[in-house]
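Each value in this text was obtained by applying a stated rule to the coordinates, not by laboratory testing. Computed from a prediction, not measured in an experiment: that's the story for all the values here. Note that each Cβ is placed from the backbone with ideal geometry, even for glycine, and that neighbours are counted across all protein chains shown.
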Amino acid sequence: MTRSDPPPPASSGPPRQTAAYLRKLFAEVGFNVNPRHGQNFLIDLNQLDLLHRTAALEADDVVLEVGTGTGALTERLAASAAAVVTCEIDPRLAQLARERLVNFDSVELVEGDALAGKHRLAPEVLAAVAAARVAHPTGRFALVANLPYCVATPVISNLLALPEPFSFATVTVQREMAERMTAAAGESSYNALSVWVGAQCRGEIVRVLPPASFWPRPGVDSAIVRLDLEPERRAAIVDLHRFHGFVRDVFCHRRKLLRGVLVGLAGGRRTAAAREVVEAVYAALGLPPETRAEDLSPGAFVTLESEFFSRCSPLE
């Protein structure tokens, strides 16, 4: 089936992904859900459709999906976009998805872990996405997925570290993570992830999903989140890798006064030069003495990091 020959309506296509359907399917093939892989299938079809609609895909878009599952969302993506690269770590689910997606020529299923490590995406996934983007150069690159909880943070963080990140992302994640990604300075959920995402994207929580939206039911709420890359924000970051590390280092001591944390990063409390550097940064930016990491907006963090590194070479 090609882009010029759209798939049939859901009512005449593959069975709808409900809990009853999944139980029957998995019993037939002898599949048991593996909690280690974050296998919570989105069975509320209204929410599945909302996830797809929120992406607002266009015909020349390239989509990355992490966590293919049985292919229920993949079908919808393939019917809307030019190319879909979907990744599934469980070989048994990958086979089920292949059977379901056999008529979708625009789908490439990468079997394996989407991550090569905590701070690196799998080369196979990156290569598949790169090839799809070359084939469809006018399309946007999007992440659209019911993300497994266990990989949600590193997948989004690592995609934002790429030279050419996603244009937008529409994903389901744990509610706590959704709140962190969209938190503002001073809020209880605000952390290093908030700064890393907020320094590059505009984000919003589209809808909170109760555990009953999934099978098996997770122990916490989830949420659909939309992130839109803001190129001008991203362009203000001098060095993405350096900035990411700086934010993580500072938030390791989020409750401490920022001045002391920066002195430590600049060389240590016993070094007069380190203290002088930090005092100069504070004076240049007009930071109050009682400032803590959680008080600074993502934009302020970008300015702080640039000013800090312009005055010293920390940890050397």
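Computed values, structure above
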| item | result |
| --- | --- |
| Computed over segment 219-316, Cα set: Rg, Dmax in Å | 15.1, 50 |
| Simple label model, 7 Å out from Cα along Cβ direction - Glu204 to Val29, nm | 3.7 nm |
| GNM result for the chain, Cα springs below 10 Å: residue of Pro165, Pro148, Pro288 fluctuating most strongly | Pro288 |
| Highest-MSF residue in the chain out of Gln174, Gln39, Gln95 [GNM, Cα springs under 10 Å] | Gln95 |
| Estimated 222 nm signal from helices in the chain, with DSSP H stretches of n ≥ 4 weighted -39500 (n - 2.57), rounded to 500 | -12500 deg cm²/dmol |
| Net charge, Asp249 excluded, C-beta distance under 13 Å - Lys, Arg +1, Asp, Glu -1 | +3 |
| Of Glu28, Glu230, Glu75, the one that fluctuates the most in a GNM where the chain has Cα springs shorter than 10 Å | Glu28 |
| Which of Val238, Val107, Val33 has the fewest Cβ neighbours within 10 Å, and the rest in rising order | Val238, Val33, Val107 |
| Along each principal axis, Cα extent of segment 98-151, largest first, Å | 31, 28, 18 |
| Under 12 Å, Cβ to Cβ, from Leu93 - net charge with Lys/Arg +1 and Asp/Glu -1 | -1 |
| Relative contact order (%) - segment 10-235, alpha-carbon pairs under 8 angstrom, separation at least six | 20 percent |
| Sequence-distant residues sharing a close amide H with Leu209 (under 5 Å, placed H) | Ser222, Ala223, Ile224 |
| Local electrostatic count at Leu77 - Lys and Arg +1, Asp and Glu -1, tallied over other residues with Cβ under 11 Å | -2 |
| Placed amide H near Cys87: partners under 5 Å, 5+ positions off or other chain | Glu65, Val66, Gly67, Thr68, Val110 |
| Dipole of segment 240-311, positive direction: furthest Cα of Pro288, Phe243, Leu265, with charges on the beta-carbon | Leu265 |
| Cα lying deepest toward the dipole's positive end in segment 1-146, options Gly38, Ala82, His136, charges on Cβ | Gly38 |
| Paramagnetic reach from Glu58 in segment 111-153 [backbone N under 19 Å; point 7 Å along Cα→Cβ] | 132-144 |
| Sequence of Trp196, Trp215 once ranked by neighbouring C-beta atoms within 10 Å, starting from the fewest | Trp215, Trp196 |
| Among [x] 85, 77, 32; [y] 72, 41, 29; [z] 102, 66, 35, the entry that matches Cα extents along the principal axes in Å as calculated here | [y] |
| 5 angstrom amide H check on Phe214, placed H, neighbours 5+ away | Ile43 |
| Angle in degrees between helix 298-311 and the longest Cα principal axis of the chain, rounded to the nearest 10 | 50 degrees |
| Degrees separating the helix 123-135 axis from the principal Cα axis of the chain, which is the longest one | 80 degrees |
| Residue order, fewest to most surrounding Cβ atoms within 10 angstrom, among Glu111, Glu164 | Glu164, Glu111 |
| Dipole magnitude of segment 10-235, debye to nearest 20 (Cβ charges: Lys/Arg +1, Asp/Glu -1, about Cα centre) | 420 debye |
| Potential extension, Asp221-His119 segment - 0.36 nm per residue separation minus Cα distance | 34.1 nm |
| Dipole magnitude (debye, nearest 20) for segment 152-232, charges at Cβ of Lys, Arg, Asp, Glu | 300 debye |
